[in-house]
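Right, one structure below, let's go through it.
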Amino acid sequence: MTNPHAHATPSADPGRRLAEALHAQAISSGSAPAGYAATRRPAPEPGPDAALRRQIVWALVIALLAGLVLGAGIGLVSLLFPGVLPTVG
């Protein structure tokens, strides 16, 4: 009896086909082939937007910390002094 896969070409192997597809995808995505140095675009210089973004980040961090402190305070009051806070709902 003969092997039904004996006439299959090497490219019909699923593992090899997957490897070829991944290799083609890596090459087409713009990544540098092995042995070549990848070129990077220089980082954009900080402009007037950078100061505004820093202010926004600091405002969000402060708001988060204030929310954590307020939540912890309300939680402690509700645990230590039951019935002091009004019920909601």
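The values are calculated or read from the model by the stated rules, or taken from the named source; none is laboratory data. Not measured: the values here are computed from a predicted model. Quick reminder, even Gly has a Cβ in these numbers, built from the backbone with ideal geometry, and neighbours come from all protein chains shown.
Data table
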read-out	value
Residues (modelled with pLDDT of 60 or more and assigned to a loop (DSSP other than H, G, I, E, B)) located in the range 4-19	D13
L22 modelled with pLDDT under 85 and either surrounded by 10 or more Cβ atoms within 10 Å (Cβ to Cβ) or among the acidic types (D, E) (or both)	yes
